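> Just passing along the structure, written as structure tokens.
The values are calculated or read from the model by the stated rules, or taken from the named source; none is laboratory data. These numbers come from a predicted model, not from an experiment. No Cβ is skipped: glycine too gets one built from the backbone with ideal geometry, and neighbour counts run over all protein chains shown. Note: accessible area is taken over every heavy atom of the protein model, side chains too, but ligands, DNA and RNA are not part of it. Shrake-Rupley method; radii C 1.70, N 1.55, O 1.52, S 1.80 Å.
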Amino acid sequence: MPTGFGRLWTAQTVSSFGDGVMHAALPLLALTLTRDPMALAVVTAAGTLPWLLFGVLGGALVDRWDRRRTMWVADAARAALLAIPVVAAALDVLSIPLLAAVAFFLGIGGLFFDTAATAYLPDLLRRDPALLERANSRLRGAQTAMSGFAGPPAGSALLALGRAVPLLADAVSFMVSALLVRTLPAVPRPVPEVRESLLRQARAGASYVFRDRLLLGLALRPAVGNVAFLAVETVLALFAHDRLGVDTFGFGLLLTAEATGGLLGAGIASYLGRRLGTGTALTCTATVEGLAILGLAAAPNAYVAGLALAVCGAGMGATMVLGPSLRQAIVPAHLMGRVASTSRMLAMCAAPMGAFLGGWLATAFDLRTPLYAAAGMLLAMTVVTASMTNNRRVEAALSAARDDAPVPPAAKDPVRESASQDV
């Protein structure tokens, strides 16, 4: 792995810890201000709105800008932004509207950072598919460990020390990340100065995804998956309590089982890709997710439910390494930001649909119905996308990407070359 990857991994690990701190602290912080469920929902939803409103446009901007600079500026801006609620908490003037606004602007920073990081990584690793799988496995594993295991308990503990403490900790994590990213090696900007409108470039990026069956299949998996998983997540706490007899501590253990499976899945993703081929591996992991949710729906006790969630987490962890790695290896550099943001936006738009579906099915029928429906959606999605992401298509796309790969910068200007590939 290139030397710069270690710094990128460290930066994202530190930032993921801060995200985990805020994941637990933000709703608890809002809870100290109000008991209104709708007000709490506004704070939670505010962080996802930027992806719904500006996802594709953000990707187009990332494809115009220097990606390393975009990452460290986004993190530095998020660190500075958190100074506002820190001061407000110290002055005892913190409010729900302020928290929602902060969550919204943190979401904008996350949009730019995540999209730029996704586009920067293949340039750093020379679009080598094997290196991309290894890198994404390590990044995903660290993200799960920090945001799923270490961060949330730390966020709860820090909140006990004062309302401003977890906010300050998250600000420090962003600043450390920004400083580390600032030292990463520069890569050529993929697009020269263009006169084409931003909206037209954004539309071209989205069109590129929808016209390519392989990329469309890769985008449909997380989109349909988010509908299914949010349908499950909406009723999971109530299902665990009413049907499985699990208390608050036990519910935390169920979530830990899922995160543990996610770590395992991320760790074995590259092995599965090598043994089965990336296309077949993606079909297998999607099948595993659907069958695991089916097992969760039929679980007679908490132990079986925990095993089902761990298996589902393993499938998700492997999918979230294999899918993005393949996309990074086959998408041209000058379109990477737009393609990544389009795929992410589709997944984010699908999430509220899943939450509504889960709540409606539980109300109209019973608590197991959303789980059975989610399993059915996942298995149906697997059947539909199996031919779209099979090994033959994957190998053809990788071969085409290798044929189109630019020569080293010493022989050719990659910035000028990318202009000829503009959509």
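> If you scan the range 227-240, which residues turn out to be in contact with a Gly (Cβ under 6 Å, 6 or more places away or on another chain) and either under 20 Å from S341 (Cα atoms) or open to solvent by 20 Å² or more (accessible area, probe 1.4 Å) (or both)?
Scanning the range 227-240 gives V227, L230, T234.
> Note down all Cβ pairs under 6 Å where the first residue falls in the range 37-64 and is closer than 11 Å to A101 by Cα, the second is open to solvent by less than 10 Å² (accessible area, probe 1.4 Å) and at pLDDT below 85, and they're at least six residues apart or on different chains.
Taking only residues 6 or more apart or on different chains, the pairs are V43/A30.
> If you don't mind, another one. Write out, first by first residue and then by second, each pair whose Cβ atoms fall under 6 Å of each other, whose residues are 6+ apart or on separate chains, and whose first residue, in the range 300-315, is within 14 Å of L371 (Cα to Cα) while the second is modelled with pLDDT under 90.
A305/L244; L309/L254; L309/A257; L309/E258
> Being hydrophobic (A, V, I, L, M, F, W, C), open to solvent by less than 50 Å² (accessible area, probe 1.4 Å) and farther than 19 Å from T385 by Cβ is the filter here, so list the residues in the range 199-223 that pass it.
A202, A204
> Another question, then. For the range 260-288, enumerate the residues that are within 13 Å of M320 (Cα to Cα), open to solvent by 20 Å² or more (accessible area, probe 1.4 Å) and in contact with a Ser or Thr (Cβ under 7 Å, 6 or more places away or on another chain).
Those that are within 13 Å of M320 (Cα to Cα), open to solvent by 20 Å² or more (accessible area, probe 1.4 Å) and in contact with a Ser or Thr (Cβ under 7 Å, 6 or more places away or on another chain): L263, G267, T283.
> Here's something else I'd like to know. Please list, ordered by first then second residue, the pairs with beta carbon atoms under 6 Å, 6 or more apart or interchain, first in the range 101-116 and in a helix (DSSP H, G or I), second among the β-branched types (V, I, T) and open to solvent by 10 Å² or more (accessible area, probe 1.4 Å).
Final answer for the pair search is F112/T70; A116/T70.
> Let me ask something else about it. On the basis of being at pLDDT below 85, in contact with a helix residue (DSSP H, G or I) (Cβ under 8 Å, 6 or more places away or on another chain) and either open to solvent by less than 70 Å² (accessible area, probe 1.4 Å) or assigned to a loop (DSSP other than H, G, I, E, B) (or both), does G337 make the cut?
no
> For the range 87-96, what are the residues that are in a helix (DSSP H, G or I) and more than 13 Å from P27 (Cα to Cα)?
V87, A88, A89, A90, listed by residue number.
> Specify the residue that is surrounded by the most Cβ atoms within 10 Å (Cβ to Cβ); the eligible residues are those in the range 163-198 that are modelled with pLDDT under 80 and among the basic types (K, R).
Result: R189.
> Which helices (runs of 4 or more DSSP H) does the range 213-304 wholly contain that include 2 or more residues that are of a type in the set (F, W, Y)?
213-242, 248-276
> Further, regarding this structure: (1) open to solvent by 40 Å² or more (accessible area, probe 1.4 Å); (2) at pLDDT below 90: which one isn't true of R68, the others all being true?
With (1) open to solvent by 40 Å² or more (accessible area, probe 1.4 Å); (2) at pLDDT below 90 applied to R68, the lone miss is (2).
> Of all residues being under 16 Å from the mean Cα position of the chain (by Cα) and open to solvent by less than 30 Å² (accessible area, probe 1.4 Å) in the range 30-65, which is farthest from A11 (Cα to Cα)? Just the residue, please.
The residue in question is V56.
> Just give me the residues in the range 19-29 being at pLDDT 80 or above and open to solvent by 50 Å² or more (accessible area, probe 1.4 Å), in sequence order.
Hit for the range 19-29 is D19, nothing else.
> Can I ask one more? Can you report the number of residues in the range 295-306 which are surrounded by fewer than 18 Cβ atoms within 10 Å (Cβ to Cβ) and touching a Leu at 6+ places or on another chain (Cβ under 9 Å)?
Residues flagged as surrounded by fewer than 18 Cβ atoms within 10 Å (Cβ to Cβ) and touching a Leu at 6+ places or on another chain (Cβ under 9 Å) within the range 295-306 amount to 4.
> Scan the range 148-165 and give yes if some residue there is touching a residue at least 12 places away in the same chain (Cβ under 8 Å) and among the β-branched types (V, I, T), otherwise no. Walk me through how you get there before you give the answer.
First pass over the range 148-165, keeping only residues touching a residue at least 12 places away in the same chain (Cβ under 8 Å): 148-156, 158-159, 162-164.
Remaining after also requiring among the β-branched types (V, I, T): none.
There is no residue in the range 148-165 that is touching a residue at least 12 places away in the same chain (Cβ under 8 Å) and among the β-branched types (V, I, T).
> Is it the case, given these coordinates, that A160 is of a type in the set (A, V, I, L, M, F, W, C), surrounded by fewer than 16 Cβ atoms within 10 Å (Cβ to Cβ) and in a helix (DSSP H, G or I)?
yes
> Just checking, does the range 37-57 include any residue being at pLDDT below 90 and aromatic (F, W, Y)?
Yes, the range 37-57 contains at least one residue that is at pLDDT below 90 and aromatic (F, W, Y).
> Next up: Within the range 103-118, is there a residue that is closer than 21 Å to W72 by Cα, touching a Pro at 6+ places or on another chain (Cβ under 6 Å) and open to solvent by less than 30 Å² (accessible area, probe 1.4 Å)? Lay out the reasoning, then the answer.
Of the range 103-118, the ones closer than 21 Å to W72 by Cα are 103-118.
Within this subset, residues satisfying the condition of being touching a Pro at 6+ places or on another chain (Cβ under 6 Å) are 107-108, 111.
Retained after the next criterion (residues that are open to solvent by less than 30 Å² (accessible area, probe 1.4 Å)): 107, 111.
Checked against the condition, which is being closer than 21 Å to W72 by Cα, touching a Pro at 6+ places or on another chain (Cβ under 6 Å) and open to solvent by less than 30 Å² (accessible area, probe 1.4 Å), the range 103-118 yields at least one hit.
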